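Here is the structure we will look at, set down as structure tokens.
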Amino acid sequence: MGDLNLYNTRTRALERFVPLRERQVRIYVCGLTPSAQAHLGHARSFLFFDLLRRLLTHLGYAVTYVQNVTDIDDRSINRARETGEDWYAIVSGYYADFKSAMRRLGVMEPDAEPYATKFIPQIQAMIRALIERGHAYAVEDGIYYRVSSFPDYGKLSNRNVEELQAGARIDVDEHKDDPLDFALWKFAKPGEPKWAFEPYGDGRPGWHIECSAMSHALLDPEGVGFDIHGGGADLIFPHHENEIAQSEPLMAHPPMANVWLHGGLLNFDGRKMSKSLGNFEPLTDLLARHDPQAVRLTFLPTGYSKVMNFTEESLAASNVTLARLKKTYRRLATVEAREPAADARVLLPKVEAALCNDMNTAVALAELLSWAPEPSAHARYEFERALWLLGIEPTPAWLEEPKLELPSDLTARLQSELGDELALDGVAPEEAIARAIAHRTAARANKDWAASDRLRDALARCGIAIKDSKEGTTWTVAG
RNA sequence: GGCGACGUAGCCAAGUGGUAAGGCAGGGCUCUGCAAAAGCCCCAUUCGGCAGUUCGAAUCUGCCCGUCGCCUCCA
């Protein structure tokens, strides 16, 4: 199997991936801030990291995947104040919805899912260390990170501090020394959730410090760095820049993460799908309208790092593609799945090669779709393995022909279509269809094509599609 | 203003120096009494525009046009 190459934001280059520890990969991905409903854009990002996990696992690595939950932030506190609800009830509700959407999409569970409010001691320890080393200072409203104390600030996002300062401004209620300085700890105003922090003052952590503290606690207690840090492209600045500024001065051997991976954002109507713009359909609603596997499939033709425009048309195309995959699966279902020798494989090596080339899912999917399987044991093995790598896992329902609900008033409708040609006597819909088909079969035997077509058209107007074959006539509910 | 991404068929898109993947839509054929289903086949002399480098450019360079993102909470 070839090398895995990934585009590293930190070095701005495509690099061969080499884990820091033999056969082991540690990944930290910035998770959700559940202060509002999650949308498809969030899903795109997490779906990508799910595929990366699958590939790394397939390549034989032991993967540790950590994805945090920012369960405390200004937005949820503000919402609580406006609605009178408990802020934690808001956050828990949105997060539960998100988790269930992820399950429906077939995203693997993280190995650890740290909540910011469960890591307050670790966060405070890091803030203390930063203050001791002159990287942070406390003022009236909170504790801030002093950006000027970290010479590498701006390296990840390719920005220079002078230009940033020119464009930045300090909000009236902030008391920091420099516009670029950011909050590590916010002192609580009356009624706000708070945690004790001696001797500085009760309050809550800032967003950036939680990721530094939790990735350190869970992936890199030695301070020598972990393998992959990921998130959406909108997190590069300032979030990831700030994480580096917080973590690296305290580390024995920077960098904080060897590879930084960023997923491209999702547009809707040509604009970034986002909470603030409000141009999105909640993930939960979208998944109620569409097959989650088709939703997953929709992301595969576009490179993960590129901006992608979401349309209902692309989803419709995915539904067709999914039906094709199911059909192939059904054709192969009767053969035994047996792992072929490495040199006998015809599909998997192509899929692997595509994914190893900076996660080129478009080519991987194209290989799968243009591959015409011979129904053999190893074809089934390779097909199922390829599907798993692309995150589309067959379910028992894949084995069934698609069946839709019969309209309840079908007998009556069919009777009115047929008039006195055939008496249906208000029988069950299935029986009514069977009688109509039997009547048509008799007409066909007499080469009475007019009667035959009349019956077929009547059934069609009732939403029943007919298929003639050597074995007889079958019907399905038209989609 | 700074930094960055993108512009490939009707639509979604892959391809980053060697002569345009794949999907959707569309069209044709086989089969069929006719259909349906299935299978097979066709569908960009051309990659936003102009100039340049090169034996060779969608791919590299320069300029121009257009779209979007980050620079403030955001996957």
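The values are calculated or read from the model by the stated rules, or taken from the named source; none is laboratory data. Small disclaimer: the values here were computed from a predicted structure and weren't measured. For neighbour counting, all protein chains shown are included, and Cβ atoms are generated from backbone atoms with ideal geometry for every residue, glycine included. The protein model used for the area step is the full one, side chains on, heavy atoms only, and it has no ligands, DNA or RNA in it. Shrake-Rupley method; radii C 1.70, N 1.55, O 1.52, S 1.80 Å.
Odds and ends about this structure:
- For A:V25, solvent-accessible area (1.4 Å; no DNA, RNA or ligand), Å²: 0 Å²
- Taking the convex hull of the alpha carbon positions in segment A:150-243 and averaging its projected area over all directions gives 8.2 nm².
- Cα→Cβ-extended label distance, 7 Å offset, between A:V477 and A:E132, nm: 6.8 nm
- Computed from backbone phi, the HN-Hα couplings of segment A:84-97 come to x, 6, 6, 4, 6, 5, 4, 4, 5, x, 5, 5, 4, 4 Hz, rounded to whole numbers (Karplus: 6.51 cos²θ - 1.76 cosθ + 1.60, θ = phi - 60°; Gly and Pro given as x).
- Taken as Cα centroids, segment A:253-315 and segment A:373-430 sit 31 Å apart, rounded to the nearest whole angstrom.
- Cα-based reach from A:K155 at 14 Å (exclusive), listing aspartates and glutamates while leaving out same-chain residues under 8 positions away: A:E163, A:E241, A:E243, A:E248
- Percentage, to the nearest whole number, of Cα pairs in chain A over 38 Å apart: 40 percent
- For the peptides A:372-379, A:202-209, the ranking by packing is A:202-209, A:372-379, with the highest mean count of neighbouring Cβ atoms within 10 Å listed first.
- Whole-Hz ³J(HN,Hα) from phi, Karplus 6.51 cos²θ - 1.76 cosθ + 1.60, for segment A:415-430, glycine and proline x: 4, 5, 5, 8, x, 8, 5, 8, 8, 9, 6, x, 6, 4, x, 4
- Between A:K272 and A:T311, full extension at 0.36 nm per residue minus the direct alpha carbon distance yields a gain of 12.7 nm.
- Summed residue charge, Cβ within 12 Å of A:Y61's Cβ, Lys/Arg positive, Asp/Glu negative: +3
- On Cα atoms only, tilt of A:74-83 relative to the major axis of chain A in degrees: 70 degrees
- Euclidean distance of C-alpha centroids, segment A:438-479 and segment A:82-153, integer Å: 64 Å
- Acute angle (nearest 10 degrees) that the helix A:207-219 long axis makes with the longest principal axis of chain A, alpha-carbon atoms: 80 degrees
- Sequentially through segment A:101-118, phi angles give Karplus couplings (6.51, -1.76, 1.60; θ = phi - 60°) of 5, 4, 5, 5, 7, x, 7, 5, 5, x, 6, 9, 9, x, 8, 3, 6, 8 Hz, Gly and Pro residues having no value and appearing as x.
- Neighbourhood net charge (14 Å Cβ-Cβ; Lys/Arg +1, Asp/Glu -1) for A:I244: -2
- A full extension of the chain between A:N279 and A:S100 corresponds to an added length of 62.2 nm, given 0.36 nm per residue minus the alpha carbon distance.
- Candidate residues A:R456, A:R104, A:R44: accessible-area rank, largest first, probe 1.4 Å: A:R104, A:R456, A:R44
- In degrees, nearest ten, helix A:377-389 long axis to first principal axis of chain A (Cα): 40 degrees
- Out-of-range pairs (alpha-carbon distance over 32 Å; input A:K327/A:K470; A:K306/A:K350; A:K327/A:K447): A:K327/A:K447
- Those residues of segment A:257-300 whose amide nitrogen sits under 13 Å from the label point placed on A:T395, 7 Å along Cα→Cβ: A:287-296
- Spacing of the two label points (7 Å from each Cα toward its C-beta) at A:D3 and A:A442, in nm: 7.6 nm
- Sulfur and carbon atoms: percent of accessible area, segment A:7-272 [1.4 Å]: 49 percent
- Inter-centroid distance (Cα atoms) of segment A:339-360 relative to segment A:185-210, Å: 51 Å
- A:D468 contributes about 60 Å² of solvent-accessible surface, heavy atoms of the protein only, 1.4 Å probe.
- Using a probe of 1.4 Å, the accessible surface attributed to A:R330 totals some 50 Å² when neighbouring protein chains are kept in position.
- Per residue value of the accessible surface for segment A:312-399 (all protein chains in place, 1.4 Å probe), Å²: 48 Å²
- Segment A:412-479: GluC sites (Glu not before Pro) in DSSP coil with no more than 11 other Cβ atoms inside 10 Å: A:E471
- Per residue solvent-accessible surface (Å²) - segment A:410-477, probe of 1.4 Å: 58 Å²
- The alpha-carbon of A:K176 sits under 20 angstrom from the alpha-carbons of these lysines, leaving out residues fewer than 8 places away in its chain: A:K186, A:K189.
- Spin-label pair A:W449-A:K189: with each label point 7 Å from Cα along the Cα-Cβ axis, the two points sit 8.1 nm from one another.
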